[in-house]
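Structure first, commentary second.
The values are calculated or read from the model by the stated rules, or taken from the named source; none is laboratory data. As the structure is a prediction and not an experimental result, all values here were calculated from the model. Here the Cβ positions follow ideal geometry from the backbone for every residue, glycine too, while neighbour counts run over all protein chains shown. Side chains are part of the model used for accessible areas, which takes the heavy atoms of the whole protein and leaves out ligands, DNA and RNA. Shrake-Rupley method; radii C 1.70, N 1.55, O 1.52, S 1.80 Å.
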Amino acid sequence: CACPIWCRPRFLADQDLNDVIVSGTIRQEPAIEVVRLRELGLEKLPDHQVLKYAARERWIVVSHDVNSMTAAASTALNRGEPIHGLLLVHQRNPIAPTIDSLLLIWTASAAEEWIGLIEHLPF
């Protein structure tokens, strides 16, 4: 990506996201920004507040909460509120392809391309 580092996607891992996904992604690409909600002291925020915080700070949310997070994101979008992107991962999905998808997003896209999108991983 010809995108400077400041416009690369940044990922905010929801409190329930498998730590192996987070650590594996960082291990494969140490420059990638992946932060866990609990590292920010925000693990108790309800989904709609997580999305609001992430939009304000330009983070793409990555979550296993397929049902509740999708509902919160859809509600926000229907109200005209921004989301900076939501990537959903079913807990039963294999980990390696999910990590590969995050790395692909980071290397091949700009953060702004994910605004308002709700996608499922792995691709």
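Structure notes:
- Hey, Ala71 open to solvent by 20 Å² or more (accessible area, probe 1.4 Å), small (Gly, Ala, Ser), at pLDDT 95 or above and on the phi < 0 side of the Ramachandran plot or not: yes
- Residue count for the stretch 21-76, restricted to those that are polar (S, T, N, Q), in contact (Cβ under 8 Å) with a residue 12 or more places away in the chain and more than 14 Å from Thr98 (Cα to Cα): 4.
- Selected residue (only one of Gly85, Gly80 is in contact with a helix residue (DSSP H, G or I) (Cβ under 8 Å, 6 or more places away or on another chain) and at positive phi): Gly85
- Within the stretch 1-32, the set of residues being modelled with pLDDT of 90 or more, β-branched (Val, Ile, Thr) and open to solvent by 50 Å² or more (accessible area, probe 1.4 Å) comprises Val20, Ile26.
- Scanning the stretch 107-123 for residues that are small (Gly, Ala, Ser), part of a loop (DSSP other than H, G, I, E, B) and more than 22 Å from Glu81 (Cβ to Cβ) turns up just one, Ser109.
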